[in-house]
Structures are given as structure tokens and as C-alpha cells.
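**Q** Please find one structure pasted underneath; my questions will follow.
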Amino acid sequence: FQTRCLDGIKLTITAGPTREAIDPVRYISNHSSGKMGYALAEAAADAGAQVTLISGPCNLSAPERVNCVNVVSAEDMLTASLNHLGEIFIACAAVADYRPVAAADQKIKKSQASMSIELVRNPDIVSTVASHAQRPFTVGFAAETQDVLHYAKDKLQRKNLDMIIANDVSNSEIGFNADQNAVTAIWPKGETSLPQASKTQLARQLIALIAEQYINKGAS
Ligand code: C5P
């Protein structure tokens, strides 16, 4: 691990799940723990970066020397991301794909045997950042359960990213909520697989790799 490989670089990370309100007491969300994003924030701070961690609701305390911005919904996360663009953006959050069209003002009462909630697509935060005029070096994640590398490469192109980090979440030992992960990092001109390790160790390897590609891109 190269020490201080991101000295003074402004880096933004999204982490954790988002919550999409149904009414004042209910929401739609997912099982993201935020562990990978928080580990990346810590590793980036250790590498000398000025880190802003934009976090959905999770049970982790913000790493030292990291500016933590707490958000709830995908729309809040997008606004905070655009307000904190730096030189590198890492989208680690498990953003809800859809949200209820409108959150009810009052708690919804039960009456009928069935009910439906109309959902609308949420904005794609990492794609929005990648098409921004002040586009940072943009890194996304691809959690897949099949054809992991194929879908990840497609996402790298479609979302116009500089790097994508693919992980197979069909294996419960790694990925979502687990303490360990194994990933393949893919960029337009190469890829490298990082074998199963703790999220802390993996975060340090990924930050070194991101720093290397970020510097290479600036040099080319
Ligand atoms: O399309 P998919 O959700 O699989 O893409 C995953 C990547 O896109 C992750 O980096 C995630 O943080 C990001 N993403 C996002 N905004 C969304 C959906 C996904 O930034 N609305």
C-alpha cells in the first residue's frame, strides 16, 4: 500500500442504502451495511485524501478525518453528491432503484385485503456525476449474481465510468453485509482480480488501484 498516494486530493464516496418514504413511518430500502464504503473512506483518508462520505442510514460511526454527510433518500444523496464533487467520486451506495411517487402525509391505514404503491425510477447518481461538466474520476460498483464480469463491463460503458468494481453477491460469504469481499476491478484498458479478504484490506488495495488509474489518466 503506497502511503499518501492521494495526498490533498478531494474524494467523495457514497455509501450505505437509501430509504424511500412510503408514509411518515414506513420506507423501502435494502440490506446494504455501508461497510465497504466506510472502509474505502478510511483507506482514502489514510492515503492523504480529503474525504467526504455521503452516507445513507447505517449503523457505523464515521471514520476519523472524514467529513460525513448523512442523507436518507436517493434524491438527497444526489443533491449532496453534486454539492461535494471533488477530483475522485466513488459510488459505493446501494441506491434504491425506485421510490414511491409521493410519500403519504399521514400513516396509511389498513383496510383493503391488498393495496399497491406506485413507484417511479430514482435518478442514477453515478451516471449524473459522470456526465457533469466538472466530471471527477468516477468509479462505480456492480453487485451481480450471474455473468458478473459481462454485466460489469456493460455498466462501465453505459454509465461512462473510469472504473467499475464488480462483486458476486450470490456468495453470502462476500458482498452485501459480509465482513469479507472479493472483487474484480475493471477499467477501459485493463482489469485485476482481488481475492477474498476483509473489506478493510480490500479497501486499501482498491484505493491504491484507483490512485494509480487516476494518476495515469491525468498523465495520458
Ligand atoms: O445499475 P446498478 O444499480 O447495478 O449500478 C450500481 C452502481 O451505480 C453503483 O456504483 C451504485 O452506487 C450506482 N448507482 C447510483 N445511483 C443509482 C443506482 C446505482 O449511483 N440510482
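The values are calculated or read from the model by the stated rules, or taken from the named source; none is laboratory data. None of these values were measured; they are calculated from a predicted model. Methodologically, a virtual Cβ is constructed for each residue, glycine included, from the backbone with ideal geometry; neighbour enumeration extends over all protein chains shown. Side chains are part of the model used for accessible areas, which takes the heavy atoms of the whole protein and leaves out ligands, DNA and RNA. Shrake-Rupley method; radii C 1.70, N 1.55, O 1.52, S 1.80 Å.
**Q** Here's a check for you: in segment 83-98, which residue that is open to solvent by less than 50 Å² (accessible area, probe 1.4 Å) and within 20 Å of R19 (Cβ to Cβ) is nearest to the chain's Cα centre (by Cα)? Working first, answer last.
**A** The initial filter retains those residues of segment 83-98 that are open to solvent by less than 50 Å² (accessible area, probe 1.4 Å), namely 85-86, 88-96.
This time we only want the ones that are within 20 Å of R19 (Cβ to Cβ), so: 91-96.
Working: A91: 3, C92: 1, A93: 3, A94: 6, V95: 8, A96: 12 Å.
Per the stated criteria, the residue is C92.
**Q** On to the next question. Anything in segment 125-153 that is under 22 Å from Y98 (Cα atoms) and either of a type in the set (K, R) or out of contact with any strand residue (DSSP E or B) (no Cβ under 9 Å at 6 or more places or on another chain) (or both)? List them, or say none.
**A** Matches in segment 125-153: T128, S131.
**Q** If you don't mind, another one. Give me a count of the residues in segment 29-51 that are farther than 16 Å from A203 by Cβ and surrounded by 18 or more Cβ atoms within 10 Å (Cβ to Cβ).
**A** Summing the residues that are farther than 16 Å from A203 by Cβ and surrounded by 18 or more Cβ atoms within 10 Å (Cβ to Cβ) in segment 29-51 gives 1.
**Q** Within segment 105-122, is even one residue of a type in the set (G, A, S), open to solvent by less than 80 Å² (accessible area, probe 1.4 Å) and either more than 18 Å from P17 (Cβ to Cβ) or assigned to a loop (DSSP other than H, G, I, E, B) (or both)?
**A** no
**Q** Could you grab me the full set of residues in segment 157-189 that are open to solvent by less than 40 Å² (accessible area, probe 1.4 Å) and on the phi > 0 side of the Ramachandran plot?
**A** Once the filter is applied, which keeps residues that are open to solvent by less than 40 Å² (accessible area, probe 1.4 Å) and on the phi > 0 side of the Ramachandran plot, segment 157-189 yields only G175.
**Q** Would you point out which residue out of A45, A102, A96 is closer than 26 Å to A178 by Cα and assigned to a loop (DSSP other than H, G, I, E, B)?
**A** A96
**Q** Condition check: closer than 29 Å to T3 by Cα and modelled with pLDDT of 95 or more. Does Y27 satisfy that?
**A** No.
**Q** Could you grab me the full set of residues in segment 162-205 that are assigned to a loop (DSSP other than H, G, I, E, B), within 16 Å of the chain's Cα centre (by Cα), over 21 Å from G34 (Cα atoms) and not charged (D, E, K, R)?
**A** Of everything in segment 162-205, nothing turns out to be assigned to a loop (DSSP other than H, G, I, E, B), within 16 Å of the chain's Cα centre (by Cα), over 21 Å from G34 (Cα atoms) and not charged (D, E, K, R).
**Q** So N67 fits all but one of (1) out of contact with any Ser or Thr (no Cβ under 7 Å at 6 or more places or on another chain); (2) within 19 Å of L11 (Cβ to Cβ); what number is the exception?
**A** (1)
**Q** Within segment 151-161, identify whether any single residue is part of a strand (DSSP E or B), among the polar types (S, T, N, Q), under 18 Å from I90 (Cβ atoms) and within 13 Å of the ligand (Cβ to nearest atom), and answer yes or no.
**A** First, pick out the residues of segment 151-161 that are part of a strand (DSSP E or B): none.
Taking every residue of segment 151-161 in turn, none turns out to be part of a strand (DSSP E or B), among the polar types (S, T, N, Q), under 18 Å from I90 (Cβ atoms) and within 13 Å of the ligand (Cβ to nearest atom).
**Q** Another question, if that's okay. Output the number of the condition that V183 fails; it satisfies all remaining conditions of (1) without any contact (Cβ under 8 Å) to a residue 12 or more places away in the chain; (2) closer than 30 Å to V66 by Cα.
**A** (1)
**Q** Let me ask something additional. So which of A62, A21, A80, A74 is open to solvent by 40 Å² or more (accessible area, probe 1.4 Å), in contact (Cβ under 8 Å) with a residue 24 or more places away in the chain and more than 22 Å from L206 (Cα to Cα)?
**A** A21
**Q** Do you know which of the residues in segment 122-138 that are touching a residue at least 12 places away in the same chain (Cβ under 8 Å) and among the aliphatic types (A, V, I, L, M) is farthest from the ligand (Cβ to nearest atom)? First the steps, then the outcome.
**A** Pass one, segment 122-138, residues touching a residue at least 12 places away in the same chain (Cβ under 8 Å): 122-132, 134, 136-138.
Keeping just the survivors that are among the aliphatic types (A, V, I, L, M) gives 125-126, 129-130.
On the way: I125: 3, V126: 4, V129: 8, A130: 9 Å.
Among them, the one singled out is A130.
**Q** Same structure again: Taking the conditions exactly as written (modelled with pLDDT of 95 or more and either in contact with an Asp or Glu (Cβ under 9 Å, 6 or more places away or on another chain) or away from the ligand (no atom under 13 Å from the Cβ) (or both)), does A104 satisfy them or not?
**A** The answer is yes for A104.
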